[in-house]
Amino acid sequence: MSAASSANPALRDPDVLLMLSVQRDDAAAYGELMLRYQGRVKTVLRNLMGNQDAADDLSQEVFLRVYRARKGYNPEAKFSTWLFTITNNVALNALRSRNRKPEVQFAPLAVDPNASGPMNAEEFIMAGSEMVPARQLDKLEMREMVQMAIESLNERQRMAVLLHKFEGMSYLEIAEIMGMTPQGVKSLLCRARTNLRDALLPYMQGGAKVK
């Protein structure tokens with residue numbers, strides 16, 4: 001291990017090394033980073049925006065910003081933390097620019113098939129709760145209701161849930177992305193879990209659709 005990588009653990013991150021190559025105008029390295037992360041960025045954006053077309057457009061904006069910011073990139077943390085900080089900022093700007101709430105077209109929750117899937121969101125909501133279904137639930141319908149419940153969260157809670165459950169990020173990583181403290185992230189996720197349970201309780205107990 002080199003002295004530089006010992007002094008800065010981020011330099012052991014292969015994505016950081018790729019981004020440093022991008023900083024030197026290496027087009028191949030930029031293409032490799034897009035290949036690795038574009039799908040993940042689109043997934044987060046689609047679940048934040050509720051629309052695939054918006055996610056596609058905003059994903060392009062994210063990677064354009066990555067390229068424009070390449071010369072000022074400082075590998076002090078994991079590349080994914082830096083990338084999702086940009087993603088968070090792009091998404092929040094887009095959400096705030098809306099003059100009215102759009103008609104949301106719900107797309108299936110998209111997650112890495114090798115990771116834990118949408119059921120993780122259900123486990124997140126149910127964790128530490130006595131809320132159990134009063135009837136047999138259709139899995140596809142349950143996933144739709146879970147997504148609708150996630151869509152009902154405010155953008156900060158939604159982003160924290162997506163990063164924590166679908167990107168597997170720690171409180172510290174999310175805190176860096178969202179400009180919060182780790183304790184603040186923990187509290188935000190606790191409030192999100194409570195709001196998700198409240199939104200889903202009528203459905204779990206009696207079949208009422210999530211509003």
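The values are calculated or read from the model by the stated rules, or taken from the named source; none is laboratory data. The structure displayed is predicted, hence computed values, not measured ones. Because the Cβ atoms are built from the backbone with ideal geometry, glycine has one as well, and the counts that use them run over all protein chains shown.
Between a residue in the range 178-199 that is in the same structural domain as Trp82 (by TED's automatic domain parsing) and any residue that is not in a helix (DSSP H, G or I), which pairs come within a Cβ distance under 8 Å, given they are 6 or more apart or on different chains?
That search, which allows pairs on different chains as well, returns nothing.
Is the range 32-50 home to any residue that is closer than 22 Å to Met148 by Cα and more than 12 Å from the chain's Cα centre (by Cα)?
Yes: one or more hits.
Among the candidates Asp25, Asp57, Asp53, Asp13, which residue alone is closer than 20 Å to Glu173 by Cα and of a type in the set (Asp, Glu)?
Asp13
What number goes with the only condition from (1) at pLDDT below 95; (2) crowded, with 18+ Cβ neighbours inside 10 Å; (3) not aromatic (Phe, Trp, Tyr) that Ala107 does not pass?
That leaves (2) as the condition not met.
Just to be sure before I move on: is Leu137 more than 20 Å from the chain's Cα centre (by Cα) and either at pLDDT 65 or above or among the hydrophobic types (A, V, I, L, M, F, W, C) (or both) in the structure I sent?
yes
Across the range 58-81, what is the number of residues that are among the acidic types (Asp, Glu) and at pLDDT 95 or above?
1
Within the range 1-31, track down each residue that is part of a helix (DSSP H, G or I) and at pLDDT below 85.
Once the filter is applied, which keeps residues that are part of a helix (DSSP H, G or I) and at pLDDT below 85, the range 1-31 yields Ala3, Ala4, Ser5, Ser6, Ala7, Pro9, Ala10, Leu11, Arg12.
Name every residue in the range 184-196 that is crowded, with 18+ Cβ neighbours inside 10 Å and either basic (Lys, Arg) or in contact with a Cys (Cβ under 9 Å, 6 or more places away or on another chain) (or both), in order of residue number.
Arg193
Tally time: how many residues in the range 144-166 are closer than 19 Å to Gly39 by Cβ and either without any contact (Cβ under 8 Å) to a residue 12 or more places away in the chain or of a type in the set (Phe, Trp, Tyr) (or both)?
Matching residues across the range 144-166 total 1.
Conditions tested, residue by residue: (1) surrounded by fewer than 19 Cβ atoms within 10 Å (Cβ to Cβ); (2) free of Cβ contacts under 8 Å to residues at least 24 places away in the same chain; (3) not assigned by TED's automatic domain parsing to the domain that holds Arg158; (4) not in a helix (DSSP H, G or I).
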{"position": "Leu35", "(1), (2), (3), (4)": "yes, yes, yes, no"}
{"position": "Val41", "(1), (2), (3), (4)": "no, no, yes, no"}
{"position": "Arg46", "(1), (2), (3), (4)": "no, no, yes, no"}
{"position": "Asp53", "(1), (2), (3), (4)": "yes, yes, yes, no"}
{"position": "Leu64", "(1), (2), (3), (4)": "yes, yes, yes, no"}
{"position": "Lys71", "(1), (2), (3), (4)": "yes, no, yes, no"}
{"position": "Asn74", "(1), (2), (3), (4)": "yes, yes, yes, yes"}
{"position": "Ala77", "(1), (2), (3), (4)": "yes, no, yes, yes"}
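Residues Val185, Val146: which one is part of a helix (DSSP H, G or I) and at pLDDT below 90?
Val146
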